[in-house]
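Report on the structure given below.
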Amino acid sequence: MNQTHYRALVMLVVYLILRFVGGSFGQLVLYPVTLLVTFLHEFGHALGALLSGGSVVGLNIAPDGSGYTTTRGGSAALILMGGYLGSAILGNILFYIGVRKKALTDTTLKVLAGLMAFSGIIWFESFVSTGLLFAFAVSLWLIAARTNWDQDVLMFLGLAAVLYIIQDFRVGPQSDLAKYEQVVGIFPAQVWTYIWLGAAAILFYLNLRQIFGRRFFKM
């Protein structure tokens, strides 16, 4: 493994310590991750609507880490699934770029900042939501433009977001799963829970193999 890989492993350890033994301090440090995961989740719903021919009416992020997206038209199944699995895909992309594509980390942070600002303006729901998105966007832009932390920040945010999404599967997508059961059927919501979780876990595993190499994960 190279130095970047070791840094990623150190970040994994730091995240796990903050998440599980960090207490209130850990929650405070990881608060930006909570907001990022919420944004990725809601943006995933928005993408699901746009990709299936619908439109986005509004996107809201609350200070407590909750959120919602209002859409019109499109495929209900894709929109609902886009929240959990879409955010897992986006988180993995951020982590992959952070580890493997150093030349793109600056641009990626700026694009992420732009998407947040865009969402706060075009899909305005409240001044609080737009204020949070703009504050996050400005922070990311300044990190990319004024510091050398872009790779480390993107790496940590991507990794933490993916782990948070996988750990949050019992709570985060509950309402989406209940609606998904009504729209798609086939399986009850509890079964869809583990299907979505399995898909997110497999995606993360494949991403790790791509990042660290097959030898590292050879059974």
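Since every read-out is calculated from the coordinates, none of them should be taken as a lab result. It should be emphasised that the depicted structure is a prediction, and the values quoted were computed from it without experimental measurement. Here Cβ is always computed from backbone atoms with ideal geometry, including for glycine, and neighbour counts include all displayed protein chains.
For the pair PHE134 and PHE20 in one chain, pulling the backbone fully straight at 0.36 nm per residue adds 38.1 nm over the alpha carbon distance. Judged by the mean number of other Cβ atoms found within 10 Å, the most tightly packed of the peptides 20-31, 87-98, 128-139 leads the ranking 87-98, 128-139, 20-31. Estimated from helical segments only, the mean residue ellipticity of the chain at 222 nm is -25500 deg cm²/dmol, where each DSSP H run of four or more residues counts as -39500 (n - 2.57). Calculated translational diffusion coefficient of the chain (25 °C, 0.890 mPa s; Stokes-Einstein with Kirkwood radius over alpha-carbon pairs) equals 137 µm²/s. Amide H to amide H, with H built 1.01 Å from N, TRP149 comes under 5 Å of no residue 5 or more places away or on another chain. Mind checking which aspartates and glutamates have their C-alpha under 19 Å from LYS102, skipping anything on the same chain fewer than 8 residues away? Here the aspartates and glutamates satisfying the reach criterion relative to LYS102 are ASP150, ASP152. Placing dummy labels 7 Å off each Cα toward the beta-carbon, the span from LEU142 to GLN182 is 4.3 nm. LYS102 label point, 7 Å along Cα→Cβ, cut-off 11 Å on backbone N: hits in region 2-24? Answer for this model: 3-5. The gain in end-to-end length when the PHE118 to TYR6 segment is fully stretched comes to 36.9 nm, 0.36 nm per residue minus the alpha carbon separation. A Förster radius of 30 Å combined with the Cβ-Cβ distance from ILE93 to PHE127 puts the calculated FRET efficiency at roughly 0.50.
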